[in-house]
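The values are calculated or read from the model by the stated rules, or taken from the named source; none is laboratory data. The shown structure was predicted, so the numbers you read here are calculated from the model rather than taken from an experiment. Heads up, the Cβs are rebuilt from the backbone with ideal geometry, glycines too, and the neighbour counts pull from every protein chain shown. Quick note on the areas: whole protein, heavy atoms, side chains included, nothing else; ligands and nucleic acids left out. Shrake-Rupley method; radii C 1.70, N 1.55, O 1.52, S 1.80 Å.
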Amino acid sequence: MPYPAVRLRRWRKSPSLRKLIQETKVSVNNLVLPLFVRPGKNIRNPISSMPGQFQFSLDQLLLEIKEAHQLGIKAILVFGIPFKKDEFGREAYAPHGIIQNSIRSIKDKFPDLSVIADCCLCEYTSHGHCGVIHKKKDSFILDNDATLKLLAKIAVSQARAGADLIAPSGMIDGMVKTIRSALDQNGFSDRLILSYSAKYASNFYGPFRDAAEGKPQVGDRKSYQMDFSNWNEALREVAQDLEEGADMVMVKPALCYLDVVHKIKEKFNAPVAAYNVSGEYAMVKAASKNNWLDEKQIILEILTSMKRAGADLIITYHAKEIAKSL
Ligand code: PBG
């Protein structure tokens, strides 16, 4: 006999009954807070397209992390804005580059906080691409294998500084394998790799490129990031990254790609991260500022839907504000 619909609805009549059968709950344990660090002292530059987010100098960054840590946040993802950019992004793998110095200080002050290092060149190259490029007239070619050599150097320098997880975000073929073997060869086999496996060439990264000052000077990233029409390809990317040794995989952006998160979670036995990116954050902030949406409730609904879709970790600029209300 079919279950009478009226009895299904009965669950919803009281708040305590609704809680009793609640299937998904966002926890502060699953949140990762992304942060931007730049050279200098006493700097907190507001990022205009991301209200509430800043570029911090290291001293200010440590204060921000202290607050996040007190709120129970267990992991941060750090992006560096270098002192100097050049064609090969040299500061990305300098022993005392902005990110290496920052990671060392963070781990020194907060040893139990997991530090995830973005392993990419785009913030560090003068042309703003995620690797070594050969310029043609109005276009360019990304040199995949020359880029791999640099990614290995970045990863080892970040691990040496104390990073717990290395997160390659450039969608460079073979990046996980290269980084895994470089880490192992240098005595860092205990460090994890969180691969940006399914990273789409998305229009949602606009505000981030202001924040990290990493906008490509020529062309776009379509030659290495995925077409937003595809999901089969995402499964192939994930399979490949797991095969190459990734410990965790990521889908980015998150909100328009929850079908992809779900499919990956169903198919693979691996932790899946969803990156609630800058453009998603900016939309919520803009609408809330106009009182078009109830900010707190919207954030909770968005993050819960990511978890419901199958995300284990959620990387979100909302981490601090949501941690306060959980
Ligand atoms: C670059 C990188 C990007 C983001 C994270 N790492 C931007 C890009 O690929 O252009 C985007 C994050 C966001 O939008 O919040 N390696």
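Brief remarks on what is shown
- For the stretch 213-227, the criterion of being under 22 Å from Gly131 (Cβ atoms), charged (D, E, K, R) and surrounded by 15 or more Cβ atoms within 10 Å (Cβ to Cβ) is satisfied by at least one residue.
- Filtered by the rule that a residue be of a type in the set (D, E, K, R), farther than 30 Å from Leu313 by Cα and in contact with a Gly (Cβ under 9 Å, 6 or more places away or on another chain), the stretch 76-100 gives Lys85, Arg90.
- Of all positions in the stretch 307-318, at least one carries a residue that is farther than 21 Å from Leu35 by Cβ, outside any strand (DSSP E or B) and open to solvent by 60 Å² or more (accessible area, probe 1.4 Å).
- Filter pass, Asp190 being free of Cβ contacts under 8 Å to residues at least 40 places away in the same chain, away from the ligand (no atom under 16 Å from the Cβ) and assigned to a helix (DSSP H, G or I): no
- When Asn276 is tested against (1) within 16 Å of the chain's Cα centre (by Cα); (2) among the polar types (S, T, N, Q); (3) open to solvent by 10 Å² or more (accessible area, probe 1.4 Å), just one condition goes unmet, and that condition is (3).
- Residue check for Asp210: more than 14 Å from the ligand (Cβ to nearest atom), surrounded by fewer than 24 Cβ atoms within 10 Å (Cβ to Cβ) and among the acidic types (Asp, Glu): no
- Among residues of the stretch 205-234 that are free of Cβ contacts under 8 Å to residues at least 60 places away in the same chain, those with a Cβ under 9 angstrom from a residue that is more than 13 Å from the ligand (Cβ to nearest atom) and among the small types (Gly, Ala, Ser), sequence gap 6+ or separate chain, pair up as Met226/Ala234; Ala234/Ser197.
- Any hit, the stretch 53-65, residues being of a type in the set (Phe, Trp, Tyr) and touching a residue at least 60 places away in the same chain (Cβ under 8 Å): no
- Selected residue (only one of Ile106, Ile172, Ile99 is under 19 Å from Pro39 (Cα atoms), within 13 Å of the ligand (Cβ to nearest atom) and either surrounded by fewer than 22 Cβ atoms within 10 Å (Cβ to Cβ) or not polar (S, T, N, Q) (or both)): Ile99
- Scanning the stretch 59-87 for residues that are of a type outside the set (Asp, Glu) and either modelled with pLDDT under 95 or assigned to a loop (DSSP other than H, G, I, E, B) (or both) yields a total of 9.
- When residues in the stretch 17-58 are screened for being assigned to a strand (DSSP E or B), over 16 Å from Ile81 (Cβ atoms) and among the β-branched types (Val, Ile, Thr), 1 of them pass.
- Per-region count, the stretch 133-147, residues surrounded by fewer than 22 Cβ atoms within 10 Å (Cβ to Cβ) and within 16 Å of the ligand (Cβ to nearest atom): 3
- Hits in the stretch 246-270 (condition: among the basic types (Lys, Arg) and out of contact with any strand residue (DSSP E or B) (no Cβ under 8 Å at 6 or more places or on another chain)): Lys263, Lys267
Matching residues to (1) more than 16 Å from the ligand (Cβ to nearest atom); (2) farther than 26 Å from Ser288 by Cα; (3) of a type in the set (D, E, K, R); (4) touching a His at 6+ places or on another chain (Cβ under 9 Å):
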| site | (1), (2), (3), (4) |
| --- | --- |
| Arg10 | yes, yes, yes, no |
| Lys19 | yes, yes, yes, no |
| Val28 | yes, no, no, no |
| Pro51 | no, no, no, no |
| Leu63 | yes, yes, no, no |
| Ile81 | no, yes, no, no |
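- Residue within the stretch 176-183 that is in a strand (DSSP E or B) and either in contact (Cβ under 8 Å) with a residue 60 or more places away in the chain or at negative phi (or both) present: no
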